[in-house]
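The values are calculated or read from the model by the stated rules, or taken from the named source; none is laboratory data. Remember, predicted model here, so these are calculated numbers, not experimental data. Note that each Cβ is placed from the backbone with ideal geometry, even for glycine, and that neighbours are counted across all protein chains shown.
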Amino acid sequence: MGSKAWQAVLDNLDEAAELAKLDPDVHRMLRTPRRVLEVSVPVRMDDGSVEVFTGWRVHHDTTRGPAKGGIRFHPDLDVDEVKALAAMMTFKTAVVDLPFGGGKGGVRCDPRRMSLGELERLTRRFTYEISPILGPEEDIPAPDVNTDGRVMAWLMDTLSMVQGRLLPGSVTGKPLSIGGTRNHSGATSAGCLDCARVALRELGIPMAGSRAVVQGFGKVGGPLAYLLASAGMRVVAVADIGGAVHNEGGLDIQALSEHVAETGTVAGFGGGDDIDGDAIWDIECELLVPAALGGVITEEVAERIAAKLVVEAANGPTTTEAQGVLDRRGVVVVPDILANAGGVTASYFEWAQAQQAYPWDDGVVAERLRQRMERAFTAVWARAETLGVDMRTAAYVVAVERVADAIAARGLFP
Ligand code: NAD
């Protein structure tokens with residue numbers, strides 16, 4: 001599983017390296033993560049036994065700044081997947097031009113089968129084990145799959161206790177009460193909206209009245225469906241793990257959210273017709289947003305997609321082969337490392353506020369986020385046009401060049 005994800009990142013890097021005429025030494029350096037720390041995490045379980053979990057923290061590249069990336073708790077996690085996600089963070093932070101490198105970490109565990117106490121002890125012991133490479137100037141974790149603000153608060157508290165001083169800049173995605181960002185995941189959705197807005201404008205498609213289909217109605221897909229509808233789009237279909245609903249006139253997203261809050265799924269919503277989750281790919285629309293899992297847009301799905309634009313809210317939703325099919329069919333894809341970079345950009349703002357010990361107004365955060373996303377989009381769009389390549393390749397070229405420039409400027413130690 002993880003080895004496929006790592007290979008996909010290497011493929012993207014290799015292609016970008018060729019187009020950017022990257023120095024072969026720098027290319028080789030970027031094909032290897034800077035640090036891979038594997039730790040054993042013994043945890044006293046509620047029944048008195050001790051279970052030993054395995055965790056990792058990877059720094060892929062830290063030339064442009066401290067490592068930045070989430071902490072994931074998942075039963076299938078392996079070191080190659082963490083390496084892949086860390087490398088994607090190097091390129092994501094570079095595309096939006098944040099002064100960060102790329103990192104990622106996690107523990108192979110199933111948090112759904114653990115009590116709150118077990119989860120806290122796991123988080124604190126894991127944090128302690130990786131603490132030698134953490135810190136506001138070294139590596140700043142954030143929430144990822146199955147981790148949230150509560151886990152980040154435990155992480156920050158543990159690191160602060162270990163070092164004997166409060167370290168609010170050591171994590172992002174914290175609760176508001178300790179310097180977190182209002183609506184951290186909402187920033188990812190807001191960034192996707194910005195990308196969709198500018199891309200539709202470039203394609204000459206008016207947003208108002210155009211149709212959108214969204215897969216995933218969670219922390220990112222839910223708010224994004226709402227934002228798209230508020231921007232005047234007709235959100236004609238939404239899918240989640242329980243099924244999908246369709247309404248050609250546009251779904252009432254507020255009512256759909258209430259239905260999901262009650263039932264846990266979009267299926268059975270009275271304001272539309274239930275359809276098969278797989279049927280969303282065939283729906284004619286202007287915008288398609290995968291906001292659920294990786295690997296969902298396969299070659300077969302890519303042949304069926306009836307959208308003009310795909311904005312990748314999810315990480316890695318399109319396989320390499322499927323990207324080729326979409327290119328051939330003229331479907332424009334705004335790639336994950338650009339489209340969902342709103343979350344890490346909000347994390348950067350949260351870190352900057354912690355380092356300054358000076359909170360910004362919400363309006364300032366929103367405006368700076370919009371500016372950064374639009375600037376990044378414009379740079380990638382222009383590069384895609386000049387090179388005559390798809391936006392994913394162009395995004396990797398822009399990112400790889402920025403990292404390579406930083407490596408060249410700093411020189412090789414010793
Ligand atoms: P989430 O767990 O809150 O929501 C996931 C959604 O996907 C749920 O609605 C779930 O029902 C749906 N889903 C799961 N399996 C499905 C399936 N087989 N078919 C259809 N729908 C399915 O997760 P999230 O935080 O919204 O993240 C979604 C994606 O966005 C992930 O790929 C994540 O890596 C990426 N992402 C999230 C953030 C963030 O800020 N949360 C930032 C960057 C990228």
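Flag: VAL52 matches the condition of being over 28 Å from SER185 (Cα atoms), surrounded by fewer than 22 Cβ atoms within 10 Å (Cβ to Cβ) and in the same structural domain as GLY173 (by TED's automatic domain parsing). Considering the stretch 368-414, and only residues there that are farther than 19 Å from ALA313 by Cβ and of a type in the set (Lys, Arg), the residue that is farthest from the chain's Cα centre (by Cα) turns out to be ARG410.
Restricting ASP78, ASP25 to those that are assigned by TED's automatic domain parsing to the domain that holds GLU120 and surrounded by fewer than 19 Cβ atoms within 10 Å (Cβ to Cβ) reduces the list to ASP78. Which residues, counting only those in the stretch 290-328, are assigned to a strand (DSSP E or B), away from the ligand (no atom under 16 Å from the Cβ) and touching a helix residue (DSSP H, G or I) at 6+ places or on another chain (Cβ under 6 Å)? Across the stretch 290-328, the qualifying residue is only LEU309. When each of VAL266, VAL236, VAL245 is tested for being away from the ligand (no atom under 15 Å from the Cβ) and either closer than 19 Å to VAL301 by Cβ or touching a Gly at 6+ places or on another chain (Cβ under 9 Å) (or both), the lone residue that passes is VAL236. Taken over the stretch 248-263, the criterion of being over 23 Å from ALA196 (Cα atoms) and away from the ligand (no atom under 11 Å from the Cβ) is satisfied by ALA255, GLU258, HIS259, ALA261, GLU262, THR263. Looking across the stretch 186-216, just one residue is part of a strand (DSSP E or B) and of a type in the set (Gly, Ala, Ser), and that is ALA212.
Out of the residues in the stretch 142-196 that are of a type in the set (Ser, Thr, Tyr) and out of contact with any strand residue (DSSP E or B) (no Cβ under 9 Å at 6 or more places or on another chain), which is nearest to the ligand (Cβ to nearest atom)?
At the first step, the residues of the stretch 142-196 found to be of a type in the set (Ser, Thr, Tyr) are 147, 158, 160, 170, 172, 177, 181, 185, 188-189.
Cutting the leftovers down to out of contact with any strand residue (DSSP E or B) (no Cβ under 9 Å at 6 or more places or on another chain) gives us 158, 160, 177, 181, 188-189.
Working: THR158: 23, SER160: 24, SER177: 20, THR181: 11, THR188: 4, SER189: 8 Å.
So the residue we want is THR188.
Scan VAL151, VAL171, VAL162, VAL107 and give me the residue that is under 17 Å from the mean Cα position of the chain (by Cα) and either over 23 Å from VAL403 (Cβ atoms) or buried (at least 18 other Cβ atoms within 10 Å of the Cβ) (or both). Criteria check complete, one pass: VAL171. Among the criteria (1) farther than 27 Å from ALA291 by Cβ; (2) modelled with pLDDT of 95 or more; (3) not in a helix (DSSP H, G or I), the one ALA404 does not fulfil is (3).
Among the residues of the stretch 69-123, which ones are acidic (Asp, Glu) and assigned to a helix (DSSP H, G or I)? Break it down into steps so the answer makes sense when it comes.
The first filter runs over the stretch 69-123 and keeps only residues acidic (Asp, Glu), leaving 76, 78, 80-81, 97, 110, 118, 120.
Hits for the stretch 69-123 are ASP80, GLU81, GLU118, GLU120.
GLY270 meets each of the listed conditions (1) in contact with a helix residue (DSSP H, G or I) (Cβ under 7 Å, 6 or more places away or on another chain); (2) at pLDDT 95 or above; (3) loosely packed, with under 14 Cβ neighbours inside 10 Å apart from (1). Could you please find all residues in the stretch 389-408 being of a type in the set (A, V, I, L, M) and closer than 16 Å to ASP97 by Cα? Once the filter is applied, which keeps residues that are of a type in the set (A, V, I, L, M) and closer than 16 Å to ASP97 by Cα, the stretch 389-408 yields ALA394, ALA395, VAL397, VAL398, ALA399, VAL400, VAL403, ALA404, ALA406, ILE407. Just one of the listed residues (GLU248, GLU286) is among the charged types (D, E, K, R), surrounded by fewer than 24 Cβ atoms within 10 Å (Cβ to Cβ) and assigned to a loop (DSSP other than H, G, I, E, B), namely GLU248.
Being outside the structural domain of VAL310 (by TED's automatic domain parsing), of a type in the set (Asp, Glu), closer than 26 Å to PRO141 by Cα and touching a helix residue (DSSP H, G or I) at 6+ places or on another chain (Cβ under 9 Å) is a property that does not hold for GLU385.
Pick from ALA17, ALA8: which is part of a helix (DSSP H, G or I) and touching a His at 6+ places or on another chain (Cβ under 8 Å)? Lay out the reasoning, then the answer.
Numbers: ALA8 fails: touching a His at 6+ places or on another chain (Cβ under 8 Å).
That would be ALA17, the only listed residue that is part of a helix (DSSP H, G or I) and touching a His at 6+ places or on another chain (Cβ under 8 Å).
Kindly indicate whether any position in the stretch 42-60 is β-branched (Val, Ile, Thr), assigned to a strand (DSSP E or B), closer than 19 Å to LYS83 by Cβ and touching a residue at least 24 places away in the same chain (Cβ under 8 Å). Yes, the conditions are met somewhere in the stretch 42-60. Just so you know, in the stretch 208-224 the residues that are touching a residue at least 60 places away in the same chain (Cβ under 8 Å) and of a type in the set (A, V, I, L, M) include one that is farthest from the ligand (Cβ to nearest atom), and it is ALA212. Could you tell me whether the stretch 358-367 includes any residue that is among the acidic types (Asp, Glu), more than 20 Å from the chain's Cα centre (by Cα) and farther than 23 Å from HIS184 by Cβ? The answer is no; no qualifying residue exists. Against the test of being modelled with pLDDT of 95 or more and touching a Phe, Trp or Tyr at 6+ places or on another chain (Cβ under 7 Å), the options VAL198, VAL171, VAL213 yield a single qualifying residue, VAL198. Considering the conditions (1) of a type outside the set (Val, Ile, Thr); (2) touching a Gly at 6+ places or on another chain (Cβ under 6 Å); (3) away from the ligand (no atom under 16 Å from the Cβ), ASP273 is excluded by exactly one of them, (2). Considered as a group, the residues in the stretch 329-375 that are in the same structural domain as CYS192 (by TED's automatic domain parsing) and without any contact (Cβ under 8 Å) to a residue 60 or more places away in the chain include one that is farthest from the ligand (Cβ to nearest atom), and that residue is GLY330.
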